[in-house]
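Heads up, the thing below is written out as structure tokens.
The values are calculated or read from the model by the stated rules, or taken from the named source; none is laboratory data. This is a predicted model, so every value here is computed, not measured. As a convention, Cβ positions derive from the backbone with ideal geometry for all residues, glycine included, and neighbour counts pool all protein chains shown. With ligands, DNA and RNA removed, areas are computed over all heavy atoms of the protein, side chains included. Shrake-Rupley method; radii C 1.70, N 1.55, O 1.52, S 1.80 Å.
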Amino acid sequence: VSSAQSFDSLSILRQNTSTDWARHAAQNWQQLLLDHANCEKKAASTALAFMFAYPEDRSLCQALARLAREELRHFEQVQKLLVQLKVPPSRLPPGRYAAGLRSCVATFEPLRKLDLLLCGALIEARSCERFATVAPLLAPPLQAFYSDLAISERRHAGLYLELARERFSAAVADGSFDARLTQMATKEAELIASPDPEFRFHSGVPPAALAA
Ligand SMILES: [Fe+2]
Ligand SMILES: [Fe+2]
């Protein structure tokens, strides 16, 4: 039982990261860190995309402007570590995770807004769970960094969930909120736990991890 499980916004996740993935990630920490840099950029750009999509929702824009800044700071910290640990720059195409989740998002409002907020909560919760799972397996500078990030990502998951619950209180009351969350969380767990040709921060289990 990882310490991550005591985090309450993590209870939305349907499946824990496998030890195969975690062991592979620790052994391939350079690629993990390179993909992690992309995740932080993507987290900032997701927050910005909300601000463009829902300008009428001022409190959401305010909260997510703040989040975008924090994610960009994380990106800068990752870049600094990449230099410090002498990881050569390299372009990593995205894995299947974000596109897989996006395939569940409704194309019509207001369900689209709910789905996007739930996706945000699930991605942040997963990031927290993965940081917490892999941190103890890593060497010093990354170990402390990932333990700290697990705490931030847990807070971000809570923020997206709270934004969703406030805006869709009728769905919370009639149970359709939880039903939708369960649907999306089931898809998320499938992407995380099934075999995946690519190794990424949010990937499933790569073939090399199973062969090891
Ligand atoms: Fe972050
Ligand atoms: Fe985050």
Inset, instruction - Inspect region 76-83 for any residue being away from ligand 2 (no atom under 16 Å from the Cβ) and either in contact with a strand residue (DSSP E or B) (Cβ under 7 Å, 6 or more places away or on another chain) or assigned to a loop (DSSP other than H, G, I, E, B) (or both) and give the result as yes or no. - result: no
Inset, instruction - Quick one: which residue in R102, R126, R96 is among the basic types (K, R) and within 16 Å of ligand 2 (Cβ to nearest atom)? - result: R126
Legend entry - Verdict on L72 being in a helix (DSSP H, G or I), more than 14 Å from ligand 2 (Cβ to nearest atom), modelled with pLDDT of 95 or more and aliphatic (A, V, I, L, M): no
Legend entry - Which listed residue is away from ligand 2 (no atom under 13 Å from the Cβ) and within 18 Å of D20 (Cβ to Cβ), from A164, A171, A132, A179: A132
Legend entry - Evaluation of L114 against (1) closer than 19 Å to E153 by Cα; (2) surrounded by 21 or more Cβ atoms within 10 Å (Cβ to Cβ); (3) of a type in the set (A, V, I, L, M, F, W, C) (one fails), failing number: (1)
Legend entry - Looking only at region 181-212, and only at residues there that are closer than 13 Å to I12 by Cα and not aliphatic (A, V, I, L, M), the one that is least open to solvent (accessible area, probe 1.4 Å): E188
Inset, instruction - Could you grab me the full set of residues in region 135-154 that are within 14 Å of ligand 2 (Cβ to nearest atom) and either without any contact (Cβ under 8 Å) to a residue 40 or more places away in the chain or not in a helix (DSSP H, G or I) (or both)? - result: Y146, D148, I151, E153
Inset, instruction - Just name the residue that is farthest from R154 (Cα to Cα) out of those in region 85-104 that are under 16 Å from the mean Cα position of the chain (by Cα) and among the aliphatic types (A, V, I, L, M). - result: A99
Inset, instruction - Tally the residues that are over 21 Å from the mean Cα position of the chain (by Cα) and buried (at least 18 other Cβ atoms within 10 Å of the Cβ), restricting the search to region 138-180. - result: 3
